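Chemist: Attaching a single structure in structure tokens format; questions to follow.
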């Protein structure tokens, strides 16, 4: 089953969903309690500037609140960024999250793909630098990349950021899955942040709250943040989402437990799938890209398991799939079903 995005299971019954990359530990209890307590405030308009949330994010990220913009999930912010800057020419990596290209196409931007090869494990290298020429207005990269799970090396990020600044290119780095990565802070573009950088982050996957849309961007300049803030709707973030975000930022143990749990289960899934003869690509995130038989998605769906068919990602073809790292028990169910599918 080919879907534009993972997690589209409303039309399916009794399905174990491996297509959406949500934190397997579930919603933190503190976030649940905070949202429940804020329900009585739903008769009031939300703060359009997300003032309290941005102040907490400022302390969390170590950057002024004026450099931060909150939005209705990362997807909302991607479109707001594009509409704010109205680029004429763009560079995106492929394969990667399709919403970058979709947002760019909406404004008539001419987009060129920088192809990441399977032979190199879909690693983003310095090869992209030659495409960051003065006629380019914006560049989208993703680390860890979706659907590959590969992170960009810090020195590569630094060189990309430097080249973009030199040629006045807006660099958007999507770090929505970096919270799942061991030592993720050391791999962030924050270490090379300059005035042309925009870092995209989200609460959706990391805190298991896709139903409450909440994302934010950290901008290297106040002027860039201002342009993004003025783009899009005025009340872009609900009061429930703002409350959830503030509560989530107080979760420290939850995040460390998440990183350890995901790493252990990802390594287990990788090892067992490779023992079945499947090509599994290296990943640092809470999902795995792999290649197998062309009808594996349909076979697993018959087993009650939905995985992400990746053939509609630019740069990928039939036989590429992505699975989320779920709980130990759910991963066991998946592995057993996978063996049955492959062994007939």
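Chemist: Need one number: % antiparallel among DSSP beta bridges in segment 162-246, to the nearest 5.
Modeler: 55 percent
Chemist: Treating each Cα of the chain as an identical point scatterer and ignoring solvent, apply the Debye formula and state log10 I(q)/I(0) at q = 0.07, 0.13, 0.14 Å⁻¹.
Modeler: Normalising to I(0) and taking log10 leaves -0.28, -1.01, -1.17.
Chemist: Restricting to DSSP H runs of at least four residues, report the calculated mean residue ellipticity at 222 nm for the chain, -39500 (n - 2.57) per run over all residues, nearest 500 deg cm²/dmol.
Modeler: Taking each H run of at least 4 residues, the total per residue is -11000 deg cm²/dmol.
Chemist: Most mobile of 62, 179, 121 per a Gaussian network model of the chain (Cα springs, under 10 Å)?
Modeler: Result: 62 has the largest fluctuation of those listed.
Chemist: Cα centroids of segment 261-333 and segment 186-207: how far apart, whole angstrom?
Modeler: Cα centres, segment 261-333 to segment 186-207: 26 Å.
Chemist: Here's something else I'd like to know. Quickly rank 23-32, 86-95 as a protection proxy: mean count of other C-beta atoms within 10 Å, highest first.
Modeler: Output ranking for 23-32, 86-95: 86-95, 23-32.
Chemist: Identify which of 288, 255, 200 has the largest mean-square fluctuation in a Gaussian network model of the chain, with springs joining Cα atoms closer than 10 Å.
Modeler: 255
Chemist: Here's something else I'd like to know. Highest first, please rank the peptides 66-75, 35-44 by the mean number of other Cβ atoms sitting within 10 Å of their residues.
Modeler: Packing order, densest peptide first, comes out as 66-75, 35-44.
Chemist: Sorting 114, 83, 328 on the 10 Å Cβ count, fewest up front, what's the list?
Modeler: Least crowded to most crowded, the residues run 328, 83, 114.
Chemist: Nearest-5 percent of antiparallel DSSP beta bridges in the chain?
Modeler: So the antiparallel bridges amount to about 45 percent of the total.
None of the figures in this text is laboratory data; all of them are computed from the coordinates on show. Since we're looking at a predicted model, the values are computed, not measured. Methodologically, a virtual Cβ is constructed for each residue, glycine included, from the backbone with ideal geometry; neighbour enumeration extends over all protein chains shown.
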